[in-house]
1. Using bins 10 angstrom wide from zero, how does P(r) for segment 24-151 break down, in % of all Cα pairs?
2. What number, in percent, do you get for the relative contact order of segment 171-284 if the mean sequence gap of Cα pairs under 8 Å and at least 6 apart is divided by its residue count?
3. Where the Cα atoms of segment 148-255 are projected onto their three principal axes, how long is each span, largest first, in whole Å?
4. Distance between the C-alpha centers of segment 157-213 and segment 68-88? Whole Å please.
5. For segment 124-167, with all protein chains present and a 1.4 Å probe, just round the carbon and sulfur fraction of the accessible area to a whole percent.
6. Whole number in Å², please: accessible area per residue of the chain, 1.4 Å probe, ligands, DNA and RNA not counted.
7. Sort the following peptides by mean Cβ neighbour count (other Cβ atoms within 10 Å, averaged over residues), highest first: 85-95, 152-162, 222-232.
8. Just how many % of Cα pairs in segment 16-58 lie over 17 Å apart, if you round to the nearest whole percent?
Amino acid sequence: MLHVIWICALAWAIPAWADAVLVGQYRWQKDDDPAFGGFSAIEVINDGMEFVAISDRGGFTKGRFERENGIITNIVASPVQRLRGTDGAPIPAGENDSEGLAIGADGRVFISFEGVHLVRAFDDLSAASMPQPQPREFANMQINASLEALAIGPDGALYTLPERSGRADQPFPVYRFKNGRWDQPFDIPRRGTFLAVGADIGPDGRFYLLERDFFGIGFRSRVRRFDLTGGSEERLLQTRIGLHDNLEGISVWRAEDGLRLTLISDDNFLFFQRTEIVEYRLTD
């Protein structure tokens, strides 16, 4: 069953810091699909009407938003299907922690993975994939804190970064895959206890970073924006603890009323968490 839980209406729902306006918050449920949940990334396509989402157990789904006045009122989506490796077989457990998602202008799909620290390319999400080269820097990443975020630039270059940088005072290194080679063009400073969980490059050509922090009573989220040199840092959004669930995926797209952030939560397949899709409209 799919249903709306509430739409931006209560004063307490105002984030702690925002250059964004909460448009809607939708709780997504599919009780008839045991693979449903654990969503770690989303890409919104076709002017906000369709999407692709991946789970952190090597699954994907494609769907359509039903909207009224731009607000999500229903979701129709395919059952979660398994991502496949080079041999066409489902990627096995231990290697299938799919976290970051990016779709090129030609429709080619790229997914980053934790644990194995790599990026796979898919000409078709239902078909076999091709691992991209791994730079030696990936080998030193933490097992459960590596390539959570993935974005693609207007020139087709891929950008990724680890969830953790190694130390609280050490910036996040951003790696770029361009013309068949990896480099590390810039860093992003760490601010406080937030960790990097999602990224996108918006229609404005800027790099958007979704970050998460966890307290014993809930999650809080932050979105920062940079140019493609890592400069011009802006904090666009920072939520209060518990306002949303465990937001891990971000897609930036242009709606009729301006740039919009679509965010999706990872419920960790736990009954006391929820899958929700949250949308903010940027005011600047």
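1. 13, 43, 32, 11, 1
2. Values: 241 pairs, mean separation 19.3, N = 114.
Answer for segment 171-284 is 17 percent.
3. If we take the Cα atoms of segment 148-255, the spans are 45, 37, 22 Å.
4. 25
5. 48
6. For the chain, the solvent-accessible area averages 43 Å² per residue.
7. Values: 85-95: 12.3, 152-162: 19.3, 222-232: 16.8.
Taking the mean over residues of other Cβ atoms within 10 Å, the ranking is 152-162, 222-232, 85-95.
8. 53
The values are calculated or read from the model by the stated rules, or taken from the named source; none is laboratory data. Remember, it's a predicted structure, so these values are computed and weren't measured experimentally. Here the Cβ is made from the backbone with ideal geometry for all residues, glycine too, and neighbour counts use every protein chain on show. Surface accessibility is based on the protein's heavy atoms, side chains included, excluding ligands, DNA and RNA. Shrake-Rupley method; radii C 1.70, N 1.55, O 1.52, S 1.80 Å.
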